[in-house]
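The values are calculated or read from the model by the stated rules, or taken from the named source; none is laboratory data. Everything quoted here is computed from the prediction, not taken from an experiment. Here the Cβ positions follow ideal geometry from the backbone for every residue, glycine too, while neighbour counts run over all protein chains shown. Accessible surface is based on the protein model in full, side chains and every heavy atom, while ligands, DNA and RNA are left aside. Shrake-Rupley method; radii C 1.70, N 1.55, O 1.52, S 1.80 Å.
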Amino acid sequence: MQWHAQFAWLGDGVAPDVLVEADGERITRIAAGVPAPPDAQRLPGLTLPGLANAHSHAFHRALRSRAQAQAGTFWTWREQMYGVADRLDPASYRALATAVFAEMALAGISCVGEFHYLHHGPGGTPYDEPNAMGEALIAAASDAGIRITLLDTCYLTGGIGRPLQGTQLRFGDGTAGNWVRRVESLYEGTDKAGRLHARVGAAIHSVRAVPREQLRAVASWARERRAPLHVHLSEQPAENEASMDAYGMTPTRVLAEAGALGALTTAVHATHLTEEDIGLLGTTMTGVCMCPTTERDLADGIGPARALADAGAPICLGSDQHAVIDLFEEARAVELDERLRTRVRGHWTAGELLAAATCNGHSGLGWPEAGRLEPGAYADLVTVDLGSVRTAGSGLRHAAEAAVFAAAAADVRHVVVSGRQIVHDGRHLLIDDVPAALAAAIEAVTAPEEE
């Protein structure tokens, strides 16, 4: 298969007239400055590697617009989220996640990291197939045509020293040992089934939700399998205060002492950190996933992304609770939020932010062979229109800046994942009507009185 991009971002800059050749899932040749062969598919605009959404909770998409209808805090929003979680089962979860992942594909996302903790039935009763909910998410990604890293999450307590209650009972496995046994079955089953679009990693929900003495079991499971390990970290000051009260140290230090930091780990949010925390994350090369549209929607705060990157922590991006699904918006928000915090412009280049949205995110999800336009990489291509009302006038010289600082998800015209075209001219080729699929799936899991 051959594609000819008008412009393409090749990691170190934008080149014109780029020919991309692939054999099956992988790129075999990249050549810049060459005329288009007659049988190559033309890609007008700027072609990027596939985008990686490194942090997603698919079912939170059902809260869009509903959560914005009232004031409150992260904690009041969480009660709304639990209301949706109460109503989900494997069938409705697959339908909702398929529609959400299709929305991601339309936005140029070729791989998602699904931070999955809704494991069991109401009251915490396991399904006959203990991983039925995780299997629903893996199937949904296939239905939508994208790859997935299922970050199976250990969630044992409702706060430090507090038992799970209510909806939270659906999240828990009782002990980290029970979590290991369940996730190992999912891990082995995914490998044996040959589901090439899916990989299984681990997650610690937070130091609030996994007791200090059980953190090491989760971290060890991931380390022994060279699997990615993700963790919500210091999203709220209340988490830091609870950790200091219980353990006399910050959540970052708790994770460090449990062996949970390192190059295979990604800390999500990392909003309220001390200088020592930043140093720990940087020196261990722990990745950090910033989710600016969620962090501002939930009034979490602005994380120290630039300081983290300077300390040695790779930055990637996620849309988290999906107030919007637009990694261009997430990328520029990293820069623009820093401008608001410091009242200085120009903390990140467009190239750095594109790397956060592509290669850094894929590496953090355990797909280091994706997120790059180079031979041997997955043939993932995302073409952004440079002639829309948002991007017109940029040209070759400023194409990368147009993508990061002006483009929107609506400007994505073509998406190829593993050599297979998923989106053509802004239309999803596997899901006939993505808005209708979203509307139907959301209606099925939201309370009638909300309408």
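The table for this structure:
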read-out	value
Where a label projected 7 Å from the Cα of residue 73 along Cα→Cβ would reach, residues of the range 225-243 with amide N under 15 Å	235-243
Karplus-derived 3J(HN,Hα), 6.51/-1.76/1.60, for each residue of the range 5-10, Hz, glycine and proline x	8, 4, 9, 9, 8, 9
For the range 1-43: rounded, prolate or oblate by the Cα gyration tensor [a/c cutoff 1.5]	oblate
Hull volume in cubic angstrom per residue (convex hull over the Cα atoms of the chain)	136 Å³
Gain in span if fully extended, residue 429 to residue 324, counting 0.36 nm per residue against the direct Cα distance	35.6 nm
Tail beyond 16 Å, pair distance distribution of the range 94-160 (Cα, percent)	49 percent
Residue 289 long-range amide H proximity, modeled H, under 5 Å	267, 268, 269, 316
Percent of beta bridges antiparallel (DSSP, the chain, rounded to nearest 5)	45 percent
Length gained when the stretch residue 349-residue 263 is fully extended (0.36 nm per residue, less Cα-Cα span)	28.6 nm
Heavy-atom accessible area ranking, 1.4 Å probe, most first, across 213, 25	213, 25
Förster-model FRET efficiency, 56 Å R0, residue 388 and residue 216, C-beta, rounded to 0.05	0.65
Largest to smallest accessible area among 420, 94 [probe 1.4 Å]	420, 94
Charge-dipole axis of the range 292-346 as Lys and Arg at +1 and Asp and Glu at -1 on Cβ define it, positive-most pick from 336, 313, 324	336
Calculated log₁₀ intensity ratio I(q)/I(0) where the Debye formula runs over C-alpha points of the range 1-78, q = 0.12, 0.19, 0.22 Å⁻¹	-0.55, -0.78, -0.98
Only Lys, Arg (+1) and Asp, Glu (-1) charged, at Cβ; the chain dipole about Cα centre in debye	440 debye
Nearest-10 value in Å² for the accessible area of residue 232, using the 1.4 Å probe	10 Å²
Under the Karplus curve 6.51 cos²θ - 1.76 cosθ + 1.60, θ = phi - 60°, whole-Hz ³J(HN,Hα) for the range 51-67, x wherever Gly or Pro sits	8, 10, 8, 7, 8, 9, 10, 4, 6, 5, 4, 5, 8, 4, 6, 5, 5
Sorted peptide list for 65-78, 355-368, 123-136, criterion being average Cβ within 10 angstrom, highest first	355-368, 123-136, 65-78
R0 of 60 Å, Cβ-Cβ distance residue 178-residue 31: FRET efficiency to nearest 0.05	0.70
Quarter of Cα convex hull surface for the range 211-349, i.e. mean projection, nm²	8.4 nm²
Kirkwood-based shape ratio for the range 282-420, expressed as Rg/Rh from alpha carbons	0.96
